[in-house]
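These notes concern the structure reproduced below.
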Amino acid sequence: GSDDDYLLRAFGGPLLECGARPAPVRPRPRGLLAAYLEALEDAAAAGPIAVGGVSLGAAVAAAWALAHPERTLAVLAALPPWTGTPGSAPASVSARHTAAELRRTGMAAVTAAMRASSPHWLADELARSWQRQWPDLPAALEEAAGYVAPTAEQLHLLQPPMGVAG
């Protein structure tokens, strides 16, 4: 549920301090995965890049790096949601449940329930990001929930260095 605004505020400063140029991608709730892959391809058109993301973005970045090791300098993965098939991974179950509730009860009710059960900072971030992605948020959550991430065995084959924050 995080977005480019959060990524820039959370990671932009440290990335700029080490000479990197952050280029977070605004989620496009229709065609979420295609938009991430398109952004990675565009960014790497001029040469190798460091890739990364939070949750689903971390998994997509790792998969792209596995497919394009010659175009990847490093992978920065924050809170990767699962490895391999999502199955009953908590992040996948939560995304599917949230999508169903959004369709059943609407944005206001789901946001209120999320606020009641989340830390204040997270509730504020998700409420802002979710509103930006509405009314296509349920479709994006369902697409994310079904993503098959790289397996642990595949990640062992990753050539560029990878940093993971959990």
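The values are calculated or read from the model by the stated rules, or taken from the named source; none is laboratory data. Predicted model, so just to flag it, every value in this text is computed and none were measured. Neighbour counts are summed over all protein chains in view; Cβ atoms, including those assigned to glycine, are modelled from backbone coordinates with ideal geometry. The area values use the complete protein model at the heavy-atom level, side chains included, leaving out ligands, DNA and RNA. Shrake-Rupley method; radii C 1.70, N 1.55, O 1.52, S 1.80 Å.
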* Would you mind calculating the gained length between THR151 and ARG30 on full extension (0.36 nm times residue separation, minus the Cα-Cα distance), in nm to one decimal? => 41.0 nm
* Express the accessible area of the range 1-70 per residue in Å², computed with a 1.4 Å probe while the remaining protein chains stay in the model. => 52
* P(r) weight above 20 Å for the chain, C-alpha pairs, percent -> 51
* Spin-label model distance (nm) - ARG128 vs THR85, 7 Å beyond Cα toward Cβ -> 3.8
* To do: Determine the share of the chain's accessible area contributed by carbon and sulfur atoms, expressed in whole percent, with a 1.4 angstrom probe.
  => 60
* **Size-normalised alpha-carbon gyration radius of the range 108-158, reference 2.2 N^0.38 Å** => 1.54
* Asked: What number, rounded to the nearest 500 deg cm²/dmol, is the helix-based mean residue ellipticity at 222 nm of the chain, given -39500 (n - 2.57) per DSSP H run of at least four residues and division by all its residues?
  -> -17000 deg cm²/dmol
* To do: Quick one: among GLU41, GLU17, GLU143, which has the greatest mean-square fluctuation in a GNM of the chain with alpha-carbon springs under 10 angstrom?
  => GLU17
* Structure fact -> On the formula 1/(1 + (r/R0)^6), with r taken between the Cβ atoms of GLU70 and HIS120 and R0 of 35 Å, the FRET efficiency rounded to 0.05 is 0.20
